[in-house]
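Asker: Please read through the structure below; I'll follow up with questions.
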Amino acid sequence: MIRRFVDSEGGGVGDAEGYLITDGVGQRVPAGIGFTGDAQDYLTADEMKALFRLPSRRAVFDRVRRGTIPVPFRLGRTLLWERAEVLRFVEENRVAASPKSMVEGGGAR
């Protein structure tokens, strides 16, 4: 059993073995290896899938290859996206919907 703790400033959640707990399912990342942000500042592939309403994790990585989603960084075996970078990417690359596509039945066929 892993004993969890919260640091004295109420910030990072960790365990007795010196690992950070990065998400609600208890994924463990070694502390002190450059992971400086709060776990909520980073998105996993499953969170990216939900954010972009994609059908699978594979679809997330297909979008990365096509350049329609930012490239993640690797932390151990985990791929993460910086939340601020993803939101900035969306803002910079969004395209207004054309009035024709907003009319029922007027979308691309």
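Asker: Among the residues of the stretch 44-66, how many are within 18 Å of Gly76 (Cβ to Cβ), touching a Lys or Arg at 6+ places or on another chain (Cβ under 8 Å) and among the hydroxyl-bearing types (Ser, Thr, Tyr)?
Answerer: Count: 0.
Asker: Same structure again: Name the helices (runs of 4 or more DSSP H) wholly within the stretch 1-94 that hold at least 1 residues that are modelled with pLDDT of 50 or more, more than 16 Å from the chain's Cα centre (by Cα) and not charged (D, E, K, R)? Step through it out loud before you land on a result.
Answerer: Working: elements: 45-51, 57-66, 83-93.
Correct list: 83-93.
The values are calculated or read from the model by the stated rules, or taken from the named source; none is laboratory data. Just so it is clear, the model here is predicted, and its values are computed rather than measured. Virtual Cβ from ideal backbone geometry, glycine too; neighbours counted across all protein chains shown.
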